[in-house]
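The values are calculated or read from the model by the stated rules, or taken from the named source; none is laboratory data. Everything quoted here is computed from the prediction, not taken from an experiment. Every residue, glycine as well, gets a Cβ built from its backbone with ideal geometry; the counts of neighbours run over all protein chains shown. Accessible surface areas use protein heavy atoms only, side chains included; no ligands, DNA or RNA. Shrake-Rupley method; radii C 1.70, N 1.55, O 1.52, S 1.80 Å.
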Amino acid sequence: MNSAAKKNREREIKHDFFVFSLFIVFFIVLLLMSGIHTGLIVLSNALAWNSFIQVIVPMIYWALIALGLTIYTGWRVRKTYEEPMRMMAKATADVASGDFSVYLPIRHTSDNLDYLDIMFMDFNTMVEELGSIETLKNDFAANVSHELKTPLTVIQNYAQLLRTTGLTPQQHEYAISIEEGTQRLSSLIFNMLKLNKLESQKIKPKTKVYDLCRQIENCVIGFEAIWENKNIDIEIDMEERAMVEADEEIMKMVWNNLLSNAFKFTNEGGVVSIRQYSDEDSVITEISDTGCGMAPDVMKHIFDKFYQCDTSHSTEGNGLGLALVLRILQMSGGTITVNSDEGKGSTFAVRLPKKL
């Protein structure tokens, strides 16, 4: 903004929250009250009140005036400053959590603006620009992901085909590496597209009532080859049945991601525990491992996109799994918490509304 525009804008702003007329009102009210006080003194002398009443009546009178002015001043401060700042604080918290649909209405007309109005206008402009950048970023990720799917499929198919031909052991190893790399990239693209659709609300959950215990059991069985290969003990403690209302298909992604992390970070011969129970309102599922655990500063970022706390396992994931889990649970009315001790393991607890 150039200097001329700034000067024009400054001229549109009132320089005080409490206008000069307010102090004029206070002055006139206090002047009138002092006149009434004088009248009370004259009246007390005319009626020959005793000295105690002559002292106590003016004291009560001024106490009531002070109380009234204090209440009125507090109301003006609250309406003029505190309530707008509370709105601002809530709006900034919403934006910090990723909601760019926030809008703060200005409190005065365009020819009678104060500094809070200008702050609100600038905040709305900032949020609008951030929302545009976020939309552009999501569109870019979606478009690039779509464009990468076809060549990756071609590379993967040719790698699989090469493995069936007469290759030397070293060439066969190269083909396997190419195939594994394309599989990881395909997984990354799938998660990016899914997360992008969830965040832009292009996926509408198709909720139905189903048995959560059965779903978790099926997901655990899907990792049988992994836990047998690493000699991991599985401990399962679940109810016979727990009914929830959610999108069964996308909830599979929650359990598969959490179980995948548990098996990935548990060393050979370790233990993965799945505990499911219900309280009055919710169905709780806890997935625990005896892996490396996490430090407190790491736990603050595990639900961020592309964040990977353990670089030794970076080739086994893409840092989108937990971000995807969080978004799905938010859409399903659920929550997720994590408790972890570094060097001892982690426990992820998922809470879903109970279907009675």
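I'd like to check one number: the per residue accessible area of segment 44-144, probe 1.4 Å, reported in Å² as a whole number.
On the way: 6670 Å² over 101 residues.
Computed with neighbouring chains in place, this is 66 Å² per residue.
In the assembled protein chains, Phe27 presents an accessible area of approximately 130 Å² (probe radius 1.4 Å). For the pair Leu69 and Tyr277, a Förster radius of 51 Å applied to the C-beta separation gives a FRET efficiency near 0.30, rounded to the nearest 0.05.
Taking the Cβ of Leu152 as the center, what net charge do the other residues with Cβ under 14 Å away carry, scoring Lys and Arg +1 and Asp and Glu -1? Here the charged neighbours net out to -1. Computed with every protein chain present, the accessible area of Tyr72 is close to 80 Å² [probe 1.4 Å].
With the whole protein complex present, Arg184 retains an accessible surface near 120 Å², based on a 1.4 Å probe. Nonpolar atom fraction for segment 216-301, defined as the carbon and sulfur part of the 1.4 Å probe accessible area, stands at 43 percent.
Average accessible surface for segment 200-296: 52 Å² per residue, computed with a 1.4 Å probe over protein heavy atoms with every protein chain in place.
Quantify, in whole percent, the carbon and sulfur part of the accessible surface of segment 37-175 (1.4 Å probe; protein heavy atoms only). Roughly 66 percent, rounded to a whole number. The listed residues Phe348, Phe100, once ranked by accessible area (1.4 Å probe) with the largest placed first, stand as Phe100, Phe348.
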